[in-house]
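K.L.:
Here's a structure for you.
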Amino acid sequence: MRMENFDRLPVTETCRRVDFDWVSIESGTQDHCALLVVGGTKHWLNLMIELVPRCYQTRPDYWGIEVVGMLPGFGMPGYVDYNVTFSLDGIQGVLGIEIIGATKSERRSWGAG
C-alpha cells in the first residue's frame with residue numbers, strides 16, 4: 001500500500017471553516033478533562049458544525065482547532081444559533097490553543113476561560 005502525502009490529496013468541496021461568536025473553556029474535573037465550547041450563528045439549517053484539531057509533527061505553541069462546517073446536499077437557508085463542544089484531552093500547545101474560524105481566530109492560554 002502506497003502512503004499518500006496528505007498535503008497533496010484533493011481538497012473537499014463540502015467543508016469550509018466557518019466563523020464563531022464566542023468561546024468558552026469549561027474546567028475539567030479529576031475524572032474529565034477540560035471542554036472547549038464554541039458558538040455562533042450558522043446561515044444554513046442543515047450545516048453541521050464540528051471542532052477539528054489540526055495535526056502537528058511536534059507540539060506547537062498554540063494548538064489550532066478549526067471550526068468546520070459541512071453542508072451535505074442542498075443548503076437549506078436559515079439563521080440558527082449553534083454551539084459545539086470538544087474534549088481537550090491530549091490537545092494542548094505549549095502556550096494554549098487557537099480557535100480558527102473563517103475570518104478570525106482566538107487564542108486561549110490553558111486554564112483561561
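K.L.:
Please sort 12-21, 48-57 by packing, taking for each peptide the average over its residues of neighbouring beta carbons within 10 angstrom, highest first.
P.N.:
Result, highest mean first: 12-21, 48-57.
K.L.:
If each residue of separation counts as 0.36 nm, what is the full-extension length gain between THR12 and THR29 once their alpha-carbon separation is subtracted?
P.N.:
Once the chain is fully extended between THR12 and THR29, it gains 2.4 nm.
K.L.:
So if the hydrodynamic radius of the chain is defined as the Kirkwood radius over C-alpha pairs, what does Stokes-Einstein give as its diffusion coefficient at 25 °C and 0.890 mPa s, in µm² per second?
P.N.:
Approximately 160 µm²/s, per Stokes-Einstein.
K.L.:
Right, next: Using 0.36 nm times the number of residues separating TRP22 and VAL37, minus their current alpha carbon distance, what extension gain do you get?
P.N.:
Residue separation times 0.36 nm, minus the Cα-Cα distance, leaves 4.6 nm.
None of the figures in this text is laboratory data; all of them are computed from the coordinates on show. Since the structure is predicted, the reported quantities are computational estimates derived from the model, not experimental observations. Heads up, the Cβs are rebuilt from the backbone with ideal geometry, glycines too, and the neighbour counts pull from every protein chain shown.
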